[in-house]
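Only one structure is covered here, and it is reproduced in the block below.
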Amino acid sequence: MKKTTWFAVFVTVLVGATYYFEFYQAGKEEVLKVKESKIISFPGEQINQIEIENKLGKILLKRDTEGWRMLAPLKDWADNQFVEDFVNGLSSEKSLDTIGDESANASGGVKWSLYGLDQSLNQEFTKVIFTHQQGTSILIQVSAKKNFEGNSFLRRGTENKVLIGTSQWILRSQKSPLDFRDKRLFRGKIGAVEEITLKSQKDEFQLVNKDNKWINLKN
């Protein structure tokens, strides 16, 4: 084989190796870093249950084929748009930083009391549990404390490290049952309504849907 041919083969191999290590491999590592930085590992659309325990009590929400329902503290329809915003907002959150070794005590553990996450001291924090449609759950403990930038201190499951999340964790996890409850006065299908009657102590007013037009039969 001629020297020029060997040189061409060498250049081709060199270019291929450079592409693999500098671009392809780097791209895979970047995707892995983004995945690892996510606080909730599964997508929002695959979450079908949320449990929140804060100073206002316990809230349990479950999704079925018709949307989100509230199961605790009472059984009722949930505000579907509000719950979807809650799920999508927090499931897309990424950890801004982690605290571990630098805060470890002599026994190798994190000083949870510094971050408002020490259960033994009855420190106030919120629990949010996200359940995947296949049954896997992720517990996030949200401290009432914030760092100097207003970000949240979090603990995921039993991990021995503190995650730094945005202020959205504190804001959203402190919501009340009323925030999640369906607030509509009429919960049926608007398109199925054929008649509306308004009554007062002195008069009565009636509207009827006739030929796709609302009319007052008396006038």
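The values are calculated or read from the model by the stated rules, or taken from the named source; none is laboratory data. No experiment lies behind these values; they were computed from the predicted model shown. FYI the Cβ positions are ideal-geometry reconstructions off the backbone, even for glycines, and counts take in every protein chain you see. When the accessible area is computed, the model is the full protein with side chains, heavy atoms only, and any ligands, DNA or RNA have been set aside. Shrake-Rupley method; radii C 1.70, N 1.55, O 1.52, S 1.80 Å.
Scanning segment 170-198 for residues that are farther than 30 Å from Gly116 by Cα, part of a strand (DSSP E or B) and either modelled with pLDDT of 95 or more or not β-branched (Val, Ile, Thr) (or both) yields Glu195, Leu198. Picking from residues in segment 162-174 that are of a type in the set (Gly, Ala, Ser) and over 11 Å from Thr126 (Cα atoms), the one that is surrounded by the fewest Cβ atoms within 10 Å (Cβ to Cβ) is Ser167.
Of the strands (runs of 3 or more DSSP E) lying entirely inside segment 47-117, the ones with 2 or more residues being modelled with pLDDT of 95 or more are found at 47-54, 57-64, 67-72. Going through (1) at pLDDT below 65; (2) of a type in the set (Ser, Thr, Tyr); (3) part of a loop (DSSP other than H, G, I, E, B) one by one, Tyr24 falls short only on (3). Among the conditions (1) without any contact (Cβ under 8 Å) to a residue 24 or more places away in the chain; (2) out of contact with any strand residue (DSSP E or B) (no Cβ under 7 Å at 6 or more places or on another chain), the only one that Phe86 does not satisfy is (1).
With the structure loaded, tell me whether Ser91 is surrounded by 13 or more Cβ atoms within 10 Å (Cβ to Cβ) and among the polar types (S, T, N, Q) or whether it fails that test. Even if it seems obvious, please write down each step before you answer.
On the way: surrounded by 13 or more Cβ atoms within 10 Å (Cβ to Cβ): yes; among the polar types (S, T, N, Q): yes.
When the stated conditions are applied, Ser91 passes them.
Being in a loop (DSSP other than H, G, I, E, B) and more than 26 Å from Val83 (Cα to Cα) is a description that applies to Lys218. Evaluating Gly116 against the criteria (1) free of Cβ contacts under 8 Å to residues at least 40 places away in the same chain; (2) surrounded by fewer than 11 Cβ atoms within 10 Å (Cβ to Cβ) leaves one unmet condition, (2). Picking from residues in segment 175-201 that are open to solvent by less than 60 Å² (accessible area, probe 1.4 Å) and touching a residue at least 40 places away in the same chain (Cβ under 8 Å), the one that is nearest to the chain's Cα centre (by Cα) is Phe180.
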